[in-house]
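Trainee: Handing you this structure, nothing more for now.
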Amino acid sequence: MAAAVIFEKSRTIDLRKKHIGPSCKIFFSHDPIKIVRAKGQYMHDENGCRYLDCINNVAHVGHCHPDVVQAGARQMEQLNTNSRFLHDNLVLYAQRLQATLPDKLSVCYFVNSGSEANDLALRLAWQYRGHKDIITLENAYHGHLSSLIDISPYKFHQLSDAEHNPFVHLASSPDVYRGKYRADHADPATAYADEVKDIIEKVHKKGGKIAAFIAESLQSCGGQVIPPMGYFQQVSKHVREAGGLIIADEVQVGFGRVGTHFWAFQLQGDDYVPDIVTMGKPIGNGHPMSCVVTTKEVAEAFMTSGMEYFNTFGGNPVSCAIGLAVLDVIEKEDLQGNALRVGRYLINLLQQQKEKHPLIGDVRGCGLFVGVELVRDRLKLTPATAEAQEVIYKLKEDYILLSADGPHRNVLKFKPPMCFTMADADLVVEKIDHILTELEAALGLKLSTTVNTENECRKVSLPTDENGHRYRSGLVHSRGGSLQQTKHLAYMQHFVKQLITDVIDSGGDRILWKRLFSL
């Protein structure tokens, strides 16, 4: 079915530049894609070209799923109003949502976006005992509101003159590949959790009190980071002993995406239950809705402020009808099971590519939340930022949409709609294989050895380097002739040009500038 196109693409671009804020970025800015319709895991441009969507975790059960569309349309024909009137959709949805969670998480507040959810979570934490200090993770992103930029170093680290909020404290990202404590460490979970304990002690010495520790259950913008088992249990022990709450941000990773569990925080085990869980993005399959779920104790403490909480659109009948339809589709089509099966298959395919391609430093993930970290050197873990951008742009030419993220923008991110198939996985990995083969040939890279690895929320034991860190097999530069050198130079010129474009598009991102000058 063809979609109506109002403007030529060039006119759309001109109008966007004229009327839309310049800080609102667009994918592939030098040649953006104009999407006019979508279905399942596919998006179509104005010329009818079909793109495989590997990045859209908002369209959780598939773009424009008919059950979700019809549920919203039916309810919109009957009634849409605010939650100050009684309506069964609100309580029915709250009941269904709570059934997926541990019993103590029983009170819902419905809002309209992940940012709103995280902002409300902070308000709940601040009110709970009157404490003010917040602990967040390096490279974290929790939303665009002012309160959340303060706890999102992924954003504020880009601003050289940003004023740091004295009530916000940064703990190391529990990254066992690139972080301070790696897979070779005897107990990385304890080592990272002890940093949180140290932060709490320092806050107390200065007269502060911890209100909350907030973290994504799996870091997304931070580079698809899978924390070591036991990390959150130990962090929660330290934080709760200090009188603080644990906020689990499930905006990116909830609703069955990790495959083995409905919520990513459940990966840590039954003995870890947060005090507050925030949800967004996939909850409405593209419809703007979100939720905060907490305990009765925290909700009652929020009441003591004397301030009524009201959200005009949060929990309206249409949103709740859509939310119910999303839960129905996840169950009816076994999308959590699909995430587990296809995710394992995808990770296995990518692991095979890691044994073949020196640019692949690490493959990690759970279900359909997968990261591929590209490095120029497996010993030094030199980020392959430009190469990651090359992969993304080349995939676009093959009508596949993928993105790169992480502090160095060198981690390829897979978080597709949950209807993603094994055939889709075969296609994208085949294209990545071809692109990396060409890149490595031009750059003169080859593997010195190959290593067998496995990954489903895991790390492996490997030999150590001179710093005591275990490493993946190293990269070496082959000593090719002038033709190879010419190819290398041509690719480097292309990379530098692309990085300059990215720096300009980002408004002068400091990380990209550093990467540019390191070339």
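Trainee: Would you point out which residue out of Tyr154, Tyr128, Tyr181 is more than 28 Å from Gly306 (Cβ to Cβ), assigned to a helix (DSSP H, G or I), open to solvent by 10 Å² or more (accessible area, probe 1.4 Å) and not polar (S, T, N, Q)? Full working, then the answer.
Mentor: Details: Tyr128 fails: more than 28 Å from Gly306 (Cβ to Cβ); Tyr181 fails: assigned to a helix (DSSP H, G or I).
When all the criteria are applied, what remains is Tyr154.
Trainee: Within segment 324-337, work out how many residues are open to solvent by 30 Å² or more (accessible area, probe 1.4 Å) and assigned to a helix (DSSP H, G or I). Spell out the reasoning first.
Mentor: Initial filter on segment 324-337 (open to solvent by 30 Å² or more (accessible area, probe 1.4 Å)): 328, 331-334, 336.
Imposing the further condition that a residue be assigned to a helix (DSSP H, G or I) reduces the set to 328, 331-332, 336.
Going through segment 324-337 one residue at a time, the tally reaches 4.
Trainee: Run Leu374 past the list (1) open to solvent by less than 10 Å² (accessible area, probe 1.4 Å); (2) not in a strand (DSSP E or B) and report the number of the one that doesn't hold.
Mentor: (2)
Trainee: Could you list, in sequence order, all residues of segment 203-227 that are within 19 Å of the chain's Cα centre (by Cα) and surrounded by fewer than 23 Cβ atoms within 10 Å (Cβ to Cβ)?
Mentor: At the first step, the residues of segment 203-227 found to be within 19 Å of the chain's Cα centre (by Cα) are 213-227.
Scanning segment 203-227 gives a single hit, Cys221.
Rundown of residues vs (1) in contact with a Lys or Arg (Cβ under 7 Å, 6 or more places away or on another chain); (2) open to solvent by less than 10 Å² (accessible area, probe 1.4 Å); (3) under 16 Å from Arg96 (Cα atoms), yes/no style:
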position: Phe255; (1), (2), (3): no, yes, yes
position: Gln266; (1), (2), (3): no, no, no
position: Asp275; (1), (2), (3): no, no, no
position: Met279; (1), (2), (3): no, yes, yes
position: Glu297; (1), (2), (3): no, no, no
position: Asn311; (1), (2), (3): no, no, no
position: Ile347; (1), (2), (3): no, yes, no
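Trainee: Right, something else. Condition test on Val196, is it surrounded by fewer than 23 Cβ atoms within 10 Å (Cβ to Cβ) and touching a strand residue (DSSP E or B) at 6+ places or on another chain (Cβ under 8 Å)?
Mentor: Here the answer is no, as Val196 does not meet what is asked.
Trainee: Can you tell me which residue among Gly361, Gly314 is more than 20 Å from Gly259 (Cβ to Cβ), among the small types (Gly, Ala, Ser) and either without any contact (Cβ under 8 Å) to a residue 12 or more places away in the chain or part of a strand (DSSP E or B) (or both)?
Mentor: Numbers: Gly314 fails: either without any contact (Cβ under 8 Å) to a residue 12 or more places away in the chain or part of a strand (DSSP E or B) (or both).
Unique residue meeting the criteria: Gly361.
Trainee: Would it be correct to say that Thr421 is touching a strand residue (DSSP E or B) at 6+ places or on another chain (Cβ under 8 Å), surrounded by fewer than 23 Cβ atoms within 10 Å (Cβ to Cβ) and of a type outside the set (A, V, I, L, M)?
Mentor: Details: touching a strand residue (DSSP E or B) at 6+ places or on another chain (Cβ under 8 Å): no; surrounded by fewer than 23 Cβ atoms within 10 Å (Cβ to Cβ): yes; of a type outside the set (A, V, I, L, M): yes.
Answer is no for this residue.
Trainee: Another question about this same structure. Among the numbered criteria (1) open to solvent by less than 70 Å² (accessible area, probe 1.4 Å); (2) under 24 Å from Pro417 (Cβ atoms), which single criterion is violated by Gly21?
Mentor: Unmet for Gly21, out of (1) open to solvent by less than 70 Å² (accessible area, probe 1.4 Å); (2) under 24 Å from Pro417 (Cβ atoms): (2).
Trainee: A further question follows. What are the residues in segment 308-326 that are farther than 17 Å from Arg74 by Cα and touching a helix residue (DSSP H, G or I) at 6+ places or on another chain (Cβ under 9 Å), if any?
Mentor: From segment 308-326, those farther than 17 Å from Arg74 by Cα are 308-314; that's our starting set.
Within segment 308-326, Tyr309, Asn311, Phe313, Gly314 qualify.
The values are calculated or read from the model by the stated rules, or taken from the named source; none is laboratory data. Quantities reported herein were computed from a predicted structural model and do not represent experimental measurements. Cβ atoms come from the backbone with ideal geometry, glycine included; neighbour counts cover every protein chain shown. Areas reflect the complete protein model, heavy atoms only, side chains present, ligands, DNA and RNA absent. Shrake-Rupley method; radii C 1.70, N 1.55, O 1.52, S 1.80 Å.
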